[in-house]
Amino acid sequence: MHHTTNEPIEAYGGIILSDNVLEHIAEKLRLNLMPMLNQHDPMRRIDSRCLRAEVVDLPDGFKAVKAEFEVDSEAWAAVEAEWKAVGVEGGCRSLFMNGSSV
């Protein structure tokens, strides 16, 4: 799954994450220092472990953090059920210390 990219984020004024920031995110994921949260809610932590995280080149010229996680199957089924109930595919994004998500 692509965790985050350096494509411009229009919701935040078109900010573009640097390659260094993407590498930092990948490192934090590999070290399991970024918890997986349901709906960015710290009270809804998802039991997970990062198996692999790396920065990859995308076909459109941008870069992305691609990560693979081991996740508790019951917890993940509950997350997918929430997505299905509201008609979205779902996904994951990074949440930075100041509360901004990308």
Problem set entry | Net charge over other residues, Cβ less than 11 angstrom from the Cβ of F62 (K, R count +1; D, E count -1) | -3
Seminar exercise, completed: Nearest-0.05 FRET efficiency for H40 and E7 at R0 = 22 Å, using Cβ-Cβ distance, is 0.65
Problem set entry | Approximate spin-label separation V86-E74, in nm, with each point projected 7 Å along Cα-to-Cβ | 2.4
For this session: Can you put K28, K84 in order of Cβ neighbours within 10 angstrom, beginning with the fewest?
Result: K84, K28
Exercise. How high is the FRET efficiency from N20 to V56, r the C-beta distance, R0 22 Å, rounded to 0.05?
Worked result: 0.90
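Read the figures in this text as sums done on the coordinates, not as results from a lab. Keep in mind it's a predicted model, so treat the numbers as computed, not measured. Here the Cβ is made from the backbone with ideal geometry for all residues, glycine too, and neighbour counts use every protein chain on show.
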